[in-house]
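Worksheet: the structure to be examined is printed underneath.
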Protein chains: 2
Amino acid sequence: MNKVAITGYSDTKFSSDDIPIESSMISAVRLLFEQTSNLGQKDIDVVLTSTNDNKKYLAPIVSELSGIAPKISHNVENLCSSGTNAAVSAFSYIASGLADVALVVGAERFDSPGQVLQWDDSRGEFKHPIFWATMFTKAHKRKFGTTNEQLAYVSAKNHRNALDNPNAYNPKKYTVEEIMNSKKLTDDLRLLDCSRPCTGSSAILLASEKIAKKFTDMPVWISGIGQKTTSASFTKNDLTSIESTKIAAHEAFTMSKTSPEKIDVAEIHDAFTVCELMVLEDTGIAQKGKAGQLVSDLYNTNNKKINPRGGLIGAGHPLGATGISQIAEITRQLQGKSGKRQTENPKTGLVQNMSAAATSSTVLILES
Amino acid sequence: MNKVAITGYSDTKFSSDDIPIESSMISAVRLLFEQTSNLGQKDIDVVLTSTNDNKKYLAPIVSELSGIAPKISHNVENLCSSGTNAAVSAFSYIASGLADVALVVGAERFDSPGQVLQWDDSRGEFKHPIFWATMFTKAHKRKFGTTNEQLAYVSAKNHRNALDNPNAYNPKKYTVEEIMNSKKLTDDLRLLDCSRPCTGSSAILLASEKIAKKFTDMPVWISGIGQKTTSASFTKNDLTSIESTKIAAHEAFTMSKTSPEKIDVAEIHDAFTVCELMVLEDTGIAQKGKAGQLVSDLYNTNNKKINPRGGLIGAGHPLGATGISQIAEITRQLQGKSGKRQTENPKTGLVQNMSAAATSSTVLILES
């Protein structure tokens, strides 16, 4: 398997802008070209888009509008994890030897059709994410004694981290009390427990070992990949654990010969506060039932290692862009280029992204 | 690069059925399981769907409904060539070593949103495929003296081939005269020059060399892959030649160390009659300007080597399924299992598929 590095990235401002998805994608691609040394249109073999937008043929359209004539181009869709699915697809085109350089651009509009899982109306309200997140929250509280205060720390921490991210959708400072008193949406979830849909885009450039140094002095290597789909509904879920993330994390750690203790910085799919706790536990970064305490400690010591750019709660959640933006952030962190939100000298990073009541997960290990 | 084989396939009846896309996909998957020896749900590492349908999360949904919990699952969309794009994506997951077995299921409904390229309304009527096909037809006639009769031979041949395909959408016998007198739609195209959108699905199973023989005694190897996107509009098209197919074919022949003379049987994207002529020329199977004569000869000698299952004109064109169905047919031909439409002892086959005014193409070489 050929080695593959991340050699460039860009993010746009996450917003409520009512702009066409192509425009959003092109903004991220243009910025990636501006920020990447020696990158010409002819270097690019693969252009993948990741979005839930209903528009078709977006990868060739983005290619044409960017002056690129790639070998391989198509869209990848898998709800909220579309971005990491596209990144792994790009990885495999390079790792197999079919390509050397791949551009992946993820984008979404604030009104994306991917926000509600429509496939089975017989599931009633569970097609809306907030209801499965409520079930998870209630179950985690019952089993581990997780408190509303611990959940609020996730949101307080991620909103605070987002203050140092100029592209964040919602960079406001909230106290734990303000979060616990925000508008009640369900039995167990309040407004500030939830990530917000928004418009945004992000792009990354992947390259084979033989060409990576052309574009950057600091390539960041994808050393571990784990993906798992357990189902498309709740049939196989333990409500206090994310089986798909557990399996994906095990696979990614095995491939990269690393372990949870080695992770210096991580991007975690905190669609709702409880998700960050469950993922920290199921990746092994926290012991089972102890993530609430870990997050409170991180907040109180102003440690940014988990979701430094603000997570989905602080930075916003433009579905198809989220996974790409997570990868961009870990790359930036490992290069020491994250500015005010830089963590201390990280060597190994983790990206975890997921879809649809956590029924599909991707875990990536990145190393400098 | 690990070797990858096609080790199973299935097609459903192409029809006008008004059924959900999931049902169509599941029919093809169920049939593939019935027809493939020793295949268990646990063997499958990757489930890809290929469709232009607006529904989301279809790969996990198909996985769940089929009892599969894959590592990797997502949809691939690239208009008419979605199927071959998904097949190449599956190939790369296996060739890179990330996976050993991949199931790819393509499907479309008769009313697919992929039938009109909506991205730029300023293009006016050219968003409808028939208008670019008319331009191609007029240009080919002017430059090479191609006649309406030669174009009609494409349709007569493919409709006749479809008579031996029990899954074909439109298996009717038409004379060249009937085709030339069918309803006039544009200056240069009549109803029977056009493929018809329909509902249908097809699935293929790809496997690495180390496991391929578990599923079949006759694996068919993907020995050559070429893909190219030249643009998303007409900006780079010579109207008498398909640049994306030319480049993709060159790449596929180079990778497989074969040449056009070696091709015993081919599936060609005949969305309109002129497309079959242009593709035969741009893959090198016919000399430039001579495909009209070749197709007339094939018809008059009852030679089925080009589009044996009836092509898109005879078999129907359910967009996301088309590429998968083409690969299934070439695999079947190379295994000698095509029944009444079997060509004589083929060893090397070609699949050509394309999108959107031929701006993207895939060419695959398959060998027994």
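Structure notes:
- Residues of segment B:208-217 that turn out to be of a type in the set (A, V, I, L, M, F, W, C) and over 14 Å from B:S368 (Cα atoms), as a count: 2
- Segment B:108-186 holds helices (runs of 4 or more DSSP H) entirely within its bounds, and those carrying 3 or more residues that are modelled with pLDDT of 95 or more and of a type in the set (A, V, I, L, M) map to B:148-162, B:176-180.
- If the condition is being in contact with a helix residue (DSSP H, G or I) (Cβ under 9 Å, 6 or more places away or on another chain) and either surrounded by fewer than 24 Cβ atoms within 10 Å (Cβ to Cβ) or closer than 24 Å to B:L191 by Cβ (or both), then segment B:340-351 contributes B:R341, B:Q342, B:T343, B:P346, B:K347, B:T348.
- In segment B:55-83, the residues that are over 21 Å from the mean Cα position of the chain (by Cα), at the interface with chain A (Cβ under 9 Å from one of its Cβ atoms) and in contact (Cβ under 8 Å) with a residue 40 or more places away in the chain: B:V62, B:L65
- When the residues of segment A:291-319 are filtered to those that are in contact (Cβ under 8 Å) with a residue 60 or more places away in the chain and among the charged types (D, E, K, R), the one that is surrounded by the fewest Cβ atoms within 10 Å (Cβ to Cβ) is A:K304.
- Take the conditions (1) away from every other protein chain (no Cβ under 14 Å); (2) farther than 22 Å from A:A321 by Cβ; A:D164 misses just one of them, which is (2).
- Residue within segment A:222-232 that is away from every other protein chain (no Cβ under 14 Å) and either modelled with pLDDT of 95 or more or assigned to a loop (DSSP other than H, G, I, E, B) (or both) present: no
- The residue list B:T322, B:T331 contains one member that is crowded, with 19+ Cβ neighbours inside 10 Å and either modelled with pLDDT under 95 or in contact with a helix residue (DSSP H, G or I) (Cβ under 7 Å, 6 or more places away or on another chain) (or both), which is B:T322.
- Residue in segment B:261-279 that is of a type in the set (G, A, S), surrounded by fewer than 20 Cβ atoms within 10 Å (Cβ to Cβ), touching a helix residue (DSSP H, G or I) at 6+ places or on another chain (Cβ under 9 Å) and closer than 28 Å to A:V62 by Cα present: no
- Selection status of A:T362, touching a helix residue (DSSP H, G or I) at 6+ places or on another chain (Cβ under 8 Å), closer than 17 Å to A:I285 by Cβ and within 14 Å of chain B (Cβ to nearest Cβ): yes
- Filtering segment A:84-107 to residues that are among the small types (G, A, S), assigned to a loop (DSSP other than H, G, I, E, B) and more than 7 Å from chain B (Cβ to nearest Cβ) leaves only A:A99.
- Residues being within 12 Å of A:I313 (Cα to Cα) and in contact (Cβ under 8 Å) with a residue 24 or more places away in the chain - total across segment A:164-178: 4
- Test: A:N52 is of a type in the set (S, T, N, Q), crowded, with 20+ Cβ neighbours inside 10 Å, assigned to a loop (DSSP other than H, G, I, E, B) and at the interface with chain B (Cβ under 8 Å from one of its Cβ atoms): yes
- Among the candidates A:K13, A:K42, residue that is out of contact with any strand residue (DSSP E or B) (no Cβ under 9 Å at 6 or more places or on another chain) and charged (D, E, K, R): A:K42
- Of the residues contained in segment A:194-212, none is found to be surrounded by fewer than 17 Cβ atoms within 10 Å (Cβ to Cβ), of a type in the set (K, R) and touching a strand residue (DSSP E or B) at 6+ places or on another chain (Cβ under 7 Å).
- A:V265 falls short on exactly one of the conditions (1) within 14 Å of chain B (Cβ to nearest Cβ); (2) touching a Pro at 6+ places or on another chain (Cβ under 8 Å), and that condition is (1).
- Of A:T216, A:T199, A:T240, all but one fail to be more than 30 Å from A:G8 (Cα to Cα) and of a type outside the set (A, V, I, L, M, F, W, C); the exception is A:T240.
- B:V47 vs. criteria within 20 Å of the chain's Cα centre (by Cα) and part of a strand (DSSP E or B): yes
- Filtering segment B:233-248 to residues that are buried (at least 24 other Cβ atoms within 10 Å of the Cβ) and not in a loop (DSSP other than H, G, I, E, B) leaves B:S244, B:T245, B:A248.
- Applying the condition of being of a type in the set (K, R) and surrounded by 15 or more Cβ atoms within 10 Å (Cβ to Cβ) to segment B:1-49 and asking which residue is farthest from the other protein chains (Cβ to nearest Cβ) yields B:K13.
The values are calculated or read from the model by the stated rules, or taken from the named source; none is laboratory data. Note that the structure is a prediction, hence the values are computed from the model and not measured. Heads up, the Cβs are rebuilt from the backbone with ideal geometry, glycines too, and the neighbour counts pull from every protein chain shown.
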